[in-house]
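J.: First the structure, which I've put down as structure tokens, then a few questions once you've had a look.
The values are calculated or read from the model by the stated rules, or taken from the named source; none is laboratory data. Nothing here was measured: the structure is a model prediction, and the numbers come from that model. Here the Cβ is made from the backbone with ideal geometry for all residues, glycine too, and neighbour counts use every protein chain on show.
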Amino acid sequence: MDGDMHRGGGDEADKEMTRLWRTWRTVYEMLSDRGYEVSDEELQISLNDFRNKYADPMGYPERQKMKIQARPTEEMKLKYTALPSKLQPNPEPDCGTIYVDFCVDSSGVGTKQVRAFNHIVDESNFHTGIFITQTPISPSAVRLLSGVPGRICEHFQEQDLLVNITRHELVPKHVLLSPEEKARLLQRYRLKESQLPRMQVSDPVARYLGLRRGQVVKIIRKSETAGRYASYRWVI
Amino acid sequence: MAPSQGPSKSALKTSLPSAYAAVNAEQPQPDLNTYLSPSQEEQEKYLQGRPKATPHHLGIALQHAHQIQAQKDAEEMILDRTVELLAIPADSSADPAAPSTEDIQAFKSALVPFRPTDYDNYITERNYEDLCGYGLCPRENRKAVANAKGGQGQGQTFHFKYGAKGSGPGGRGRSMDIVSREKLEKWCSDECAERALFIRVQLAEEPVWERRADDMSVLNILLLEEARARREKQPQPQPQSQGESSSSAAVVAGMKDLKIQDPQRSRELAMERGDNAPATRDGRVDVTIKEKEHGPESSAAAPRMRPEDAMGGSIEGYVPQEQRDKRSSEQHPEDEGDLLDQI
């Protein structure tokens with residue numbers, strides 16, 4: 001799928017465009033894997049279409065145009081709904097519209113940009129926000145990003161998403177369990193959740209899937225002897 | 001639940017609120033009480049859920065919870081301060097060598113809870129805003145890249161070229177940065193670098209939530225200019241004392257004054273080591289060192305010869321072969337003969 005249109009920006013612009021296109025596709029794959037509503041068209045956008053849509057006359061990408069919103073599917077809502085309890089007989093799903101923003105600044109992303117992003121997320125009442133930058137962001141910006149009460153803000157670098165890590169053959173399939181499935185698992189094995197093997201929230205796959213503390217994922221591996229082997233991880 | 005109150009309260013005795021009070025002196029006290037003591041119902045619920053738990057456990061759990069909460073609050077405060085500090089100096093023509101008193105006040109009071117790492121973050125943050133890393137300087141940080149591209153710029157100072165002519169990329173010779181670019185681009189000038197780093201060395205390594213309220217060393221941070229002014233005032237008495245000490249009599253007198261344990265000197269030494277007698281301050285644990293008493297008669301006696309030591313004795317219960325033979329032959333000289341007969 002090589003670009004056949006060169007519009008003047010030259011090799012450098014072309015390279016940047018291609019890299020961004022790959023990031024863009026990974027972002028859509030990520031949203032789809034997390035359970036958001038994403039159309040096949042969006043998932044499999046070709047480089048040319050992408051270029052037509054998001055390139056400026058010089059051939060460089062226009063990041064301010066690149067914003068994504070997606071709504072969770074019913075299936076995802078189910079997975080994010082806590083079990084009914086005495087206090088809350090009808091719990092609401094703890095997920096909502098997600099917003100993805102590509103940061104325009106090519107260097108020095110600090111609290112200023114993050115505050116602007118937090119503001120957008122808060123104002124438009126998005127449940128989750130993903131902030132994608134070209135360079136690492138400053139430590140205080142990281143802290144600021146995670147400190148929005150009631151909302152979840154994540155950060156990725158463009159280069160982290162060049163390749164979809166979950167498509168690698170050595171990465172087993174991770175499936176998030178719903179609260180009900182988790183309860184059944186714990187009952188079946190007569191465990192407390194703290195007795196499960198663990199996984200960090202900062203784990204690359206956990207970050208990809210946007211896992212939260214306390215969730216349990218089922219990891220399905222291929223096994224030479226048993227065909228498939230499932231193990232579970234408690235996210236901490 | 002009256003008895004549960006007692007121990008939990010005593011376990012709550014921590015130095016944190018006091019440390020906080022000093023830091024937040026100018027701000028109204030956050031409602032510490034709301035999270036310092038959970039309601040009666042919550043306490044009961046905690047104890048009911050755990051049949052073996054006692055109010056003492058509750059107290060310990062609470063203490064740890066407060067520590068974590070205090071830590072989170074402190075980190076948040078530092079973040080807020082970092083963002084606030086980006087706004088000063090408000091006047092874009094301010095002189096970093098002689099900043100306005102309000103700016104100095106704001107700068108110093110905001111820096112109190114900072115650790116050197118927090119300060120570094122703050123500098124990065126300022127650089128990202130295209131500001132000099134020194135908090136009281138309104139100028140832009142210098143850009144070595146731009147200068148290098150322009151040709152003969154200031155940035156070239158920290159850049160040297162080597163290799164034959166025509167070698168390297170572009171035929172301009174190989175080049176190398178002596179100082180890493182990030183380091184160089186933090187400041188607008190060397191003076192500002194000095195000023196900023198002078199502040200950095202005064203910050204305490206300890207996080208705020210572990211500091212004591214009476215830790216004065218951090219509470220008065222000096223700007224480089226202030227420190228210089230102070231140093232210039234001091235040296236007057238010095239030449240006088242030097243003149244005295246040059247005479248040999250004074251040296252002898254000084255020698256007589258030398259002591260191994262001079263409280264003044266040892267305190268200075270302790271300061272230098274960064275060790276300021278934590279046991280004496282009111283910490284979380286009350287430590288009192290009690291020496292074991294022993295009278296003059298209990299001193300150990302010198303070892304004496306015992307009869308079994310004549311042969312050298314056993315080695316942890318094992319008697320070497322030679323000695324065993326000797327000993328057995330001494331004890332039963334006839335045994336050996338009997339054995340031989342049987343064979």
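J.: Is it true that residue B:229 is at pLDDT 75 or above, more than 26 Å from the chain's Cα centre (by Cα), assigned by TED's automatic domain parsing to the domain that holds residue B:69 and surrounded by 10 or more Cβ atoms within 10 Å (Cβ to Cβ)?
T.: When the stated conditions are applied, residue B:229 passes them.
J.: Inspect segment B:58-74 for any residue being within 14 Å of chain A (Cβ to nearest Cβ), within 18 Å of residue B:136 (Cβ to Cβ) and surrounded by 14 or more Cβ atoms within 10 Å (Cβ to Cβ) and give the result as yes or no.
T.: Within segment B:58-74 (the criterion being within 14 Å of chain A (Cβ to nearest Cβ), within 18 Å of residue B:136 (Cβ to Cβ) and surrounded by 14 or more Cβ atoms within 10 Å (Cβ to Cβ)), the answer is no, since none of the residues qualifies.
J.: Would you list the helices (runs of 4 or more DSSP H) that sit entirely within segment B:81-186 and hold 2 or more residues that are under 28 Å from the mean Cα position of the chain (by Cα), at pLDDT 75 or above and within 14 Å of chain A (Cβ to nearest Cβ)?
T.: Result: B:116-128.
J.: Same structure again: Just to be sure I understand, how many residues within segment A:143-158 are of a type in the set (A, V, I, L, M, F, W, C), more than 16 Å from the chain's Cα centre (by Cα) and away from chain B (no Cβ under 14 Å)?
T.: Residues meeting the conditions: 0.
Residues checked against (1) assigned by TED's automatic domain parsing to the domain that holds residue A:210; (2) closer than 23 Å to residue A:125 by Cα; (3) among the β-branched types (Val, Ile, Thr); (4) assigned to a strand (DSSP E or B):
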residue	(1), (2), (3), (4)
A:25	no, no, no, no
A:32	no, yes, no, no
A:42	no, no, no, no
A:68	no, yes, yes, yes
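J.: Could you check segment A:104-134 and list, in sequence order, the residues that are hydroxyl-bearing (Ser, Thr, Tyr) and under 25 Å from residue A:22 (Cβ atoms)?
T.: A:106, A:107, A:128, A:133
J.: Working only within segment A:89-139, note down all residues that are within 18 Å of the chain's Cα centre (by Cα) and charged (D, E, K, R).
T.: Matches in segment A:89-139: A:94, A:101.
J.: Report, by residue number, each residue of segment A:93-142 that is over 17 Å from residue A:159 (Cβ atoms), assigned to a loop (DSSP other than H, G, I, E, B) and more than 12 Å from chain B (Cβ to nearest Cβ).
T.: Those that are over 17 Å from residue A:159 (Cβ atoms), assigned to a loop (DSSP other than H, G, I, E, B) and more than 12 Å from chain B (Cβ to nearest Cβ): A:94, A:95, A:96, A:97, A:124, A:125, A:126, A:127.
J.: Evaluate segment A:85-97: report whether one residue or more is loosely packed, with under 15 Cβ neighbours inside 10 Å and on the phi > 0 side of the Ramachandran plot.
T.: Within segment A:85-97, none of the residues are loosely packed, with under 15 Cβ neighbours inside 10 Å and on the phi > 0 side of the Ramachandran plot.
J.: Now for a separate question. Restricting attention to segment A:211-225, which residues are farther than 13 Å from residue A:177 by Cα and either of a type in the set (Asp, Glu) or surrounded by 14 or more Cβ atoms within 10 Å (Cβ to Cβ) (or both)?
T.: A:224
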